[in-house]
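**Q** One structure coming up, written as structure tokens, with questions to follow.
The values are calculated or read from the model by the stated rules, or taken from the named source; none is laboratory data. For clarity, every value in this text was computed on a predicted model and none was experimentally measured. Note that we place each Cβ from the backbone using ideal geometry, even for glycine, and neighbour counts take in every protein chain shown.
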Amino acid sequence: MNYRHAYHAGNFADCVKHAILVWLLRALAHKPAPMFVLDTHAGVGRYRLDEGPAAHTMEWRNGIARLLDPPPGPLADYVGLVRDQGLYPGSPAIIRALMRADDRLACCELHPEDALALRRYFLRDRRVAVHHRDGYEALGALLPPQAGRGLVLIDPPYEATDEFERLLAGLRRGHARFRSGVFAAWYPIKHRAPVRAFHAAIRESVLRDVVAAELVLREPIEPARLNGCGMVVINPPYRFEQEVPALLAALLGQLGAHEPGEGCGLLRLADE
Ligand SMILES: C[S@@+](CC[C@H](N)C(=O)[O-])C[C@H]1O[C@@H](n2cnc3c(N)ncnc32)[C@H](O)[C@@H]1O
């Protein structure tokens, strides 16, 4: 396990992922009934950008730093939350910040040091459980939740060459156990072929009501570069398809450099 998210915290991909995550959590919170959130690949929770790994790579300068002054309207909620947190919030900190009194969060992290750091961060927080375990395995073990409603975030590092296949298997397993759950899975766009194959596999699968939100900074023809990213969402909440395009357009407006091939939008992969 070589991947450490601290090197990439606050980069453009985090901005896309976390802005959509905030939108999804707000949408789920419209209903007063408690929700359960499972974060299968959680990281350490929050990140310093001014020192350590993030200060070394400075990826955040082409990410969150471009959204701060002032954030465009659709991003104000996400950016306001980042400002309130002080350190750059990873997915566990974002989820925790938006949880209500009866909501619950379970985080999985397989890297021993990161799992320990996350445990320390949530020490004595009775609403959050931290598991040092494989997040894909947890999709079988921790679902369905008692609450009966909620969100599953799957955000793997894509170190393994078969990560897309593992992700699809995980989505199928999780969805089979929690059919009403909202599932959101992040994926990199380095070049088109693996993404096309992933989308085709979703279309051919049993999964229904699936959309993909994508943002591409440049023609994805250099497989060694993160040229864009996407989020597959199963059971997107009401108004996802109406509101998320504006979120993506606002992100692209701030994060894009007008390179050939840049773009953003939603694709419907499977109907209800
Ligand atoms: C992209 S990072 C997660 C970032 C986090 N979701 C966020 O938004 O702040 C992926 C994390 O997954 C962890 N990881 C890798 N394989 C895993 C597995 N099979 N189960 C759980 N965690 C895993 C890595 O150590 C890394 O911290």
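**Q** Quick check on the range 35-44. Is at least one of its residues out of contact with any Pro (no Cβ under 9 Å at 6 or more places or on another chain) and either acidic (Asp, Glu) or assigned to a loop (DSSP other than H, G, I, E, B) (or both)?
**A** no
**Q** Can I ask one more? How many of the residues making up the range 203-228 are assigned to a strand (DSSP E or B) and among the charged types (D, E, K, R)?
**A** First pass over the range 203-228, keeping only residues assigned to a strand (DSSP E or B): 210-216, 228.
If we keep only those that are among the charged types (D, E, K, R) as well, we get 214.
Residues flagged as assigned to a strand (DSSP E or B) and among the charged types (D, E, K, R) within the range 203-228 amount to 1.
**Q** Go through (1) in a loop (DSSP other than H, G, I, E, B); (2) within 12 Å of the ligand (Cβ to nearest atom) for Ala184 and report which single condition fails.
**A** Evaluating Ala184 over (1) in a loop (DSSP other than H, G, I, E, B); (2) within 12 Å of the ligand (Cβ to nearest atom) leaves (1) as the failure.
**Q** Can you pull out the residues in the range 229-272 that are part of a loop (DSSP other than H, G, I, E, B) and either within 16 Å of the chain's Cα centre (by Cα) or surrounded by 14 or more Cβ atoms within 10 Å (Cβ to Cβ) (or both)? Steps first, please.
**A** Of the range 229-272, the ones part of a loop (DSSP other than H, G, I, E, B) are 235-239, 256-262, 271-272.
The answer is Asn235, Pro236, Pro237, Gly256, Glu262.
**Q** Could I ask something else about it? Please find, within the range 196-223, the residue that is farthest from the chain's Cα centre (by Cα) out of those that are closer than 16 Å to Glu262 by Cα and crowded, with 19+ Cβ neighbours inside 10 Å.
**A** Per the stated criteria, the residue is Pro220.
**Q** On to the next question. If Asn235 satisfies every condition in (1) within 14 Å of the ligand (Cβ to nearest atom); (2) touching a strand residue (DSSP E or B) at 6+ places or on another chain (Cβ under 6 Å) but one, which is the exception?
**A** Among (1) within 14 Å of the ligand (Cβ to nearest atom); (2) touching a strand residue (DSSP E or B) at 6+ places or on another chain (Cβ under 6 Å), the lone unmet condition for Asn235 is (1).
**Q** Within the range 30-61, take every residue that is surrounded by fewer than 16 Cβ atoms within 10 Å (Cβ to Cβ) and either more than 24 Å from Asp114 (Cβ to Cβ) or under 11 Å from the mean Cα position of the chain (by Cα) (or both) and give me the one that is farthest from the ligand (Cβ to nearest atom).
**A** Among them, the one singled out is Pro32.
**Q** Those residues that are closer than 19 Å to Ala117 by Cβ and in a loop (DSSP other than H, G, I, E, B), I need them from the range 1-29; list them, please.
**A** Met1, Asn2, Tyr3, Arg4, His8, Ala9, Gly10
**Q** For the range 63-72, how many residues meet the condition of being surrounded by fewer than 16 Cβ atoms within 10 Å (Cβ to Cβ) and touching a helix residue (DSSP H, G or I) at 6+ places or on another chain (Cβ under 7 Å)?
**A** 2
**Q** Additional query: Could you tell me how many of the residues in the range 7-27 are farther than 22 Å from Arg149 by Cβ and within 9 Å of the ligand (Cβ to nearest atom)?
**A** 4
**Q** Within the range 99-148, track down each residue that is part of a loop (DSSP other than H, G, I, E, B), charged (D, E, K, R) and farther than 10 Å from Thr40 by Cβ.
**A** Of everything in the range 99-148, those that are part of a loop (DSSP other than H, G, I, E, B), charged (D, E, K, R) and farther than 10 Å from Thr40 by Cβ turn out to be Arg100, Asp102, Asp103, Arg124, Asp125, Arg126, Arg127.
**Q** Go through the residues of the range 135-154 one by one and say whether even a single one is surrounded by fewer than 16 Cβ atoms within 10 Å (Cβ to Cβ), modelled with pLDDT of 95 or more and within 9 Å of the ligand (Cβ to nearest atom).
**A** The answer is yes, given that some residue of the range 135-154 is surrounded by fewer than 16 Cβ atoms within 10 Å (Cβ to Cβ), modelled with pLDDT of 95 or more and within 9 Å of the ligand (Cβ to nearest atom).
**Q** Tally time: how many residues in the range 87-109 are within 12 Å of the ligand (Cβ to nearest atom) and either of a type in the set (D, E, K, R) or surrounded by fewer than 19 Cβ atoms within 10 Å (Cβ to Cβ) (or both)?
**A** Qualifying residue count, the range 87-109: 3.
**Q** List the residue pairs whose Cβ atoms are under 8 Å apart, where the first residue sits in the range 47-69 and is among the basic types (Lys, Arg), the second is in a helix (DSSP H, G or I), and the two are 6 or more positions apart or on different chains.
**A** From residues that are among the basic types (Lys, Arg), the pairs are Arg48/Ala54; Arg48/Ala55; Arg66/Gln254; Arg66/Leu255.
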